[in-house]
Structure formats: C-alpha cells, structure tokens
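Student: Below is a structure I'd like to ask you about.
The values are calculated or read from the model by the stated rules, or taken from the named source; none is laboratory data. If you're wondering where the values come from, they're calculated on a predicted model, not measured in any experiment. Don't worry about glycine lacking a Cβ; one is built from the backbone with ideal geometry, like all the others, and counts go over all protein chains shown. Ligands, DNA and RNA are excluded from the accessible area calculation, which covers all protein heavy atoms including side chains. Shrake-Rupley method; radii C 1.70, N 1.55, O 1.52, S 1.80 Å.
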Amino acid sequence: MEKFYTTTAIDYVNGAPHIGHAYEKILTDVIKRHFSQRCNDAYMLTGTDEHGIKIQKTSASMGISEKEFCDQNSSKFQNAWKLLDISYSQFIRTTDDYHKKAVQKIFKKLLEKGDIYKHSYTGLYCSGCEAFLSEKDLDENGCCLIHKTKPEEVSEENYFFKLTKYKERIIKHIKENPNFIVPSFRANEVLNQLENIEDISVSRTKTSVKWGIPVLDDENQVIYVWIDALSNYITALGYDTENETEKFKRYWPADVQVIGKDILKFHSIYWIAILMALDLPLPKHILAHGWITIDEAKMSKSLGNVVSPESIFKAFNLEIPDPLRYYMATAAPVGKDGNYSDDDFKEKVNAHLANSMGNLLNRTLSMLVKYFDGEIKEEFIHKSELFDNAKKTIEEVKHHFDYFEIAEAALKITELVDTLNKYVTDNAPWTLAKEEKWTECGKVLYTILEAMTSVASMIYPYCPNIAQAMANQLKYDINTKLDDIDFKNIKAGKFITKEEIKPVFLRLDSELANKNK
Ligand code: MSP
C-alpha cells in the first residue's frame, strides 16, 4: 500500500463541537493511525463547513460578521481535535480562499459541460438540512421530519445539476461494488433513494442567501452549500479543474470517506455524480457511521443533554484523551448507533485499559525488578506459542480494519490481553519464584513483555499516549510497522529499574468525577 487518504465530514460551525462530531473524528483518526502502521503515507483531511443560510442567520442574530462568527467557531473545532489528539494532516475551511476559487471553477466546468442549467423553481427549503425537501421528507403538519420546523417556500430561478443523467451509472457502481458503501446494509437504502431522484438545485439567489460562494460571471447566484462543502475533499488537495497538482495525483481517490448516516445521500449520490461529471475516479469506500446518543437519548439543545469532549475531560480529570478515544471508537459495531454514558465510560475503560492491559504490564515489570533486579537473562529468551497467538491477532486486527470494523478489531486486542492475563495466572511466576525455579519464572515474564510489544502497537491507533508509555517501558519503537513485528524486541541485559516503572493508565476516579460536575 503506497498511500492512504481518509476524510471526515466537515462540521457546520453554527455550534460548538459535541461528542457526536468527536465520534466521527476519533473513528477516522483511528483508521488513519492504523493505516499509518501499514503504509508510509497516511493522510487525513478534516475541516469546517462555513457557508449557508444557517450561519448567515446565527451570526446576524449575534450582531457579528459571518466571517468573525466562523473564525470563532472553527477554532473551537480545531481546539477540540487537539484535545483529542486527532492527528489530521490538513484542516480545510470552506471560507479559505483557495477552496472558494476552486469551487467556482468546478461549477463553471459543469456549466460548460452542460451538466448545470438554469431553471425556475418553487420548492420547500429547510435551513436545518440546507436542502430542498420533498413530500416524503415532511410530517403530517408539513414540518421537516428531522428538524420539526416548517420549511420555507422558495420560488427562484436557480442553476440545476443534471443528477438524473448519472442515476444509472451510480446504481451500477453500487451494485457492482458491494463494499463501496460500508456497512453494506446501507446500500439498499441508497438504491431506494436513487429510484426517485430528480435534478437538484445547486444555487440560490443572492437575495435569499448571501453568505456563500458566488457563481463566476453571475454574481446574483450563490453556489449551493452542499456543492461547496462536498468539493472540499478534492480542493484540499489542490484540485481546481485546470491543474491536477502532485498532491491531488498522489492522494485521490480517497481510500475511505467517513461520514454520518444522516448525510449518506449527499455522499453516495450527489458527490458521486459530481465526480462522474468531472471525470474523476470515485472514492474506494464511503463509511457511514451511526449516531451517538447520551444515556440512550438523542442529543439536543432543547433536552439540554449535549455533551462536549471538554466536559468529559473536566468531569473525569482526564490528562490524556486515550480513554475517551478508546470508549468512543468501540462504542458500536461499524455503522450502528452507539451510546455514551458516564458510568459505562468509567467501567469500560477501567476494566480494559487499567485493570486488564495496564496492570498486566505493571505487574510483569514489577516482578522482573523484584526477582531479577530488572534484568532479562539470556536463558529467558525463547520462542513462545503466545507469539503465534499475538501474530494471529495482528492479522485479525488488520482484516477488521480492511472492513473498517474498528470496534471489532479492538475486541480482538482485548481478547489477546485476556489470554496473556490467563497465561500469567496459569503459570504463576510468583509461585515459580517461591520455588526458586528462576529460569521458568523469567521465561514467563519475558513472554509477557515480548507479547506486550504487539499489544502496544495494536492499541496505538486508539490510545496513542498509552501505547507510547507502554513502548517506553518495553524499550520498543512504537513506529514499528505491523508487518515488521517479529517478537524479537526484548533483549538480554539490564531492562528496567524500579523508578522507570509507571502505570500507563490510572483508573478513573468516580468520586472525583462527580465532584467536578
Ligand atoms: N456540514 C455537513 C457535512 C458536510 S460534508 C461535505 C454536516 N455537518 S454537521 O456538523 O451537521 O455534522 C458533521 C458530522 O457529524 C456528520 O457526519 C454527522 O453525521 C456527524 N454527527 C452529528 N451529530 C452526530 C451524533 N449525534 N452522532 C454521531 N455523529 C453525528 O452535516
């Protein structure tokens, strides 16, 4: 694998980042970090979606300019991703100049090609969705099914995109590539939507929406926010219809584009049609993740249950994002909805990261110091069956990631850690020490330490800080590629001193958590 390019949805900046936005960025970062262990060039794009009527209205109600409002809120997203150690390679803002220019050229190219045409239209526009709605998107009171608000009737002459021209090609692509949409059970949903598609309006008049990218040579029209937003995945790489930059040639097509299930239609139909119209290759996979609820309830401002990553950090006095990253990344099987609850969070990360994984390393190193003054003797080093076990786990983890089964891959890692814990219990090195069976005792400790290097590598995408702390104590290079793990890392000689041993993760303290709420 030469390169790996992954993207997230770009978030609307009309609010602050919450745990749902964070979920997606964590999933994508875990994928990116995993593939960085399998190739030399993993690239991740994220950013903010800053145009449209919603931003225009909110900033007006606050009495500040749209740009000022976007600047404030975009930095909130950037700060949140920093807090969560999201290792994005690039952050795009749709108000960036290069993006605006490229979107204008994309629009112009489609116009010249005849795929965009002008047409008078009356429709119902929902500003929450930033989309025209059809009958089936409305409830019995004529309100948007998602936002429960009445859409506005709009009568305008707009530009339209010939979506219908690409309908058959999209259907064929989805049918011929069963893994194009992940999870595959969502493909049918898209195929059903494709049955009834019509050409879509891709501009608004400046009088109805002024905060957007103007159409070149027709300043009275503003490019539809979704056309603007979807283009970010290629404008970020320098694509502008005339020039295919080195960067674009290197990374496009994307290996996986991660989005929420609510915006699958925009990505698997509109975006694909735009790419077809531009004669560009299609992304290899579109991963539609599920939604995160809070204590099993939908997150909403009106319910007052919106949880931000910062509030979780504060509540649990987190010093590193790893527990939250681990919890979110394993919250649900790929594509299914997941839930966040304080109690479950605490219980799961204490069990998996502190008790099971962290403790195993800590105990083993402590025994090495206690019985052997921290030294690995030549005769401890041997080939253990457990290494075959760990090798098998690496292959299983890779296989799951090939299908973006991130929670499933994590389960394999915890199973391996359970096996290692069982091995310690079964072989009881403390008893061997008591019986002065020193070589046998040392072999058990060596086996665990060597196997733990692979655990550090596999857990790294989820918990980069914990993995690094483990690697430091194991004298292991955390940048080792997965295929290069050879179970020959632990060398004979003085290995560790008592002072060097530190718990890699401390249990979350519930009393402390409640105090901070
Ligand atoms: N701006 C558009 C995306 C344009 S992509 C070219 C948008 N923005 S959003 O801020 O509403 O959502 C951004 C992402 O966060 C989407 O993928 C959405 O599915 C995801 N989530 C928003 N709330 C969520 C949850 N409660 N749970 C999980 N993900 C959710 O849509």
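Student: Just to confirm, what accessible area per residue do you get for segment 240-380 at 1.4 Å probe, in whole Å²?
Tutor: Numbers: 5590 Å² over 141 residues.
Ligands and nucleic acids excluded, the figure is 40 Å² per residue.
Student: Report the GluC sites (Glu not before Pro) located in segment 279-322 that are in a DSSP loop and have at most 11 other Cβ atoms inside 10 Å of their Cβ, or state none. List each step's numbers first, then the result.
Tutor: Numbers: sites: Glu296, Glu310, Glu319; in loops: Glu296, Glu319.
The qualifying sites are Glu296, Glu319.
Student: Among Tyr224, Gly290, Val256, which residue has its Cα furthest toward the positive end of the charge dipole of the chain, with +1 on Lys/Arg Cβ and -1 on Asp/Glu Cβ?
Tutor: The one lying farthest along the dipole's positive direction is Val256.
Student: Given the protein chains as shown and a 1.4 Å probe, how many square angstrom of Met357 are accessible, to the nearest 10?
Tutor: Rounded to the nearest 10, that gives 10 Å².
Student: For Lys108, what accessible surface area do you get with a 1.4 Å probe? Give it in Å², rounded to 10.
Tutor: Ignoring ligands and nucleic acids, Lys108 comes out at about 80 Å².
Student: Compute the separation of the alpha-carbon centres of segment 71-117 and segment 23-53 and state it in Å as a whole number.
Tutor: 14 Å
Student: For the pair Glu195 and Ser65, what calculated FRET efficiency results from E = 1/(1 + (r/R0)^6), where r is the Cβ-Cβ distance and R0 = 56 Å, to the nearest 0.05?
Tutor: Values: r = 43 Å, r/R0 = 0.77.
With a Förster radius of 56 Å, E is 0.85.
Student: Just want the answer: with Cβ charges of +1 for Lys and Arg and -1 for Asp and Glu, which residue in Ser208, Leu138, Thr364 is farthest toward the dipole's positive end in the chain?
Tutor: Among Ser208, Leu138, Thr364, the one farthest towards the positive end of the dipole of the chain is Thr364.
Student: Can I ask one more? Can you pull the percent of Cα pairs in segment 305-396 with separation above 21 Å?
Tutor: Numbers: 2273 of 4186 pairs.
Tail fraction, whole percent: 54.
Student: Same structure, new question: Rounded to the nearest 0.05, what FRET efficiency is calculated for Ala428 and Lys206 with R0 set to 56 Å and r the Cβ-Cβ distance? Write down the numbers at each step before the final one.
Tutor: Working: r = 77 Å, r/R0 = 1.37.
So the FRET efficiency works out to roughly 0.15.
Student: Which Rg and Dmax, in Å, describe the Cα atoms of segment 342-500?
Tutor: Just the Cα atoms of segment 342-500 yield Rg and Dmax of 15.4, 49 Å.
Student: Take Asp477, Asp11 and sort them by solvent-accessible surface of the protein heavy atoms, 1.4 Å probe, largest at the top.
Tutor: Numbers: Asp477 90, Asp11 10 Å².
Result, largest first: Asp477, Asp11.
Student: So how far apart, in nm, are the two label points at Asn355 and Lys284 if each is 7 Å from Cα heading toward Cβ?
Tutor: 3.9 nm
Student: For segment 342-500, which whole percent of the accessible surface, found with a 1.4 angstrom probe, sits on carbon and sulfur atoms? If you can, show how the numbers build up before the last one.
Tutor: Values: 3290 of 7000 Å².
Its accessible area is 47 percent carbon and sulfur atoms.
Student: Related question: What FRET efficiency do you get for Asp418 and Asp217 if R0 is 60 Å and r is their Cβ-Cβ distance, rounded to the nearest 0.05? Write out the running numbers ahead of the final one.
Tutor: Working: r = 65 Å, r/R0 = 1.08.
Rounded to the nearest 0.05, the efficiency is 0.40.
Student: If you don't mind, there's one more thing I want to ask. Using a basic spin-label model with each label point 7 Å from the Cα along Cα→Cβ, how many nm lie between Glu436 and Asp373?
Tutor: 1.8 nm
Student: For the full complex of protein chains and a 1.4 angstrom probe, list Phe77, Phe505 by accessible area with the highest value first. Spell out each step's value before the answer.
Tutor: Values: Phe77 0, Phe505 25 Å².
Most to least solvent-accessible, the answer reads Phe505, Phe77.
Student: Oh, and also: Determine how large the accessible area of Ser184 is when every protein chain is in place; take a 1.4 Å probe and give Å² rounded to the nearest 10.
Tutor: Accessible area, nearest 10 Å²: 70 Å².
Student: What is the magnitude of the charge dipole of segment 68-216 about its Cα centre, with +1 placed on the Cβ of each Lys and Arg, -1 on the Cβ of each Asp and Glu, and no other charges, expressed in debye to the nearest 20?
Tutor: 640 debye
Student: For Glu347 and Asn317 in one chain, what is 0.36 nm times their gap in residues minus the Cα-Cα distance, to one decimal in nm?
Tutor: Values: separation 30, 0.36 × 30 = 10.80 nm, distance 1.55 nm.
Extending this stretch completely gives an extra 9.2 nm.
Student: Indicate, rounded to the nearest 5 percent, the antiparallel portion of the DSSP beta bridges found entirely in the chain.
Tutor: Numbers: 24 of 45 bridges.
The antiparallel fraction comes to roughly 55 percent.
Student: Still on this model: Quote the charge dipole size of segment 342-500 about the Cα centre in Debye, to the nearest 20; the model charges only the Cβ of Lys and Arg (+1) and of Asp and Glu (-1). Mind dumping the intermediate values first?
Tutor: Working: 20 positive and 28 negative charges, 102 e Å.
With only Lys, Arg, Asp and Glu charged at Cβ, the dipole is about 500 debye.
Student: Rounded to whole Å, give me the distance from the Cα center of segment 476-508 to that of segment 250-297.
Tutor: 38 Å
Student: Taking the Cα centre of segment 1-153 as the origin and placing charges on Cβ (Lys, Arg +1; Asp, Glu -1), which of Gln37, Ala22, Phe77 is farthest toward the positive end of the dipole?
Tutor: Sorting the options by dipole projection puts first Gln37.
Student: With 20 Å bins from zero, work out the P(r) of the chain over every alpha carbon pair and list the percent per bin.
Tutor: Per 20 Å bin, starting at zero, the Cα-Cα P(r) for the chain comes out as 21, 49, 23, 7, 0 percent.
Student: Rounded to a whole number, what % of the accessible area of segment 60-102 do carbon and sulfur atoms account for, probe 1.4 Å?
Tutor: Numbers: 1020 of 2050 Å².
For segment 60-102, the apolar C and S fraction of the accessible surface comes to 50 percent.
Student: Ranked from the most accessible area to the least, with a 1.4 Å probe and all protein chains present, what is the order of Lys136, Lys346? Could you put the intermediate results ahead of the total?
Tutor: Details: Lys136 135, Lys346 45 Å².
Heavy-atom accessible area, descending, gives Lys136, Lys346.
Student: How large is the dipole of the chain about the Cα centre if only Lys and Arg carry +1 and Asp and Glu carry -1, each at its Cβ, rounded to the nearest 20 debye? Don't skip to the end; give the middle numbers.
Tutor: Values: 66 positive and 77 negative charges, 93 e Å.
My answer is approximately 440 debye.
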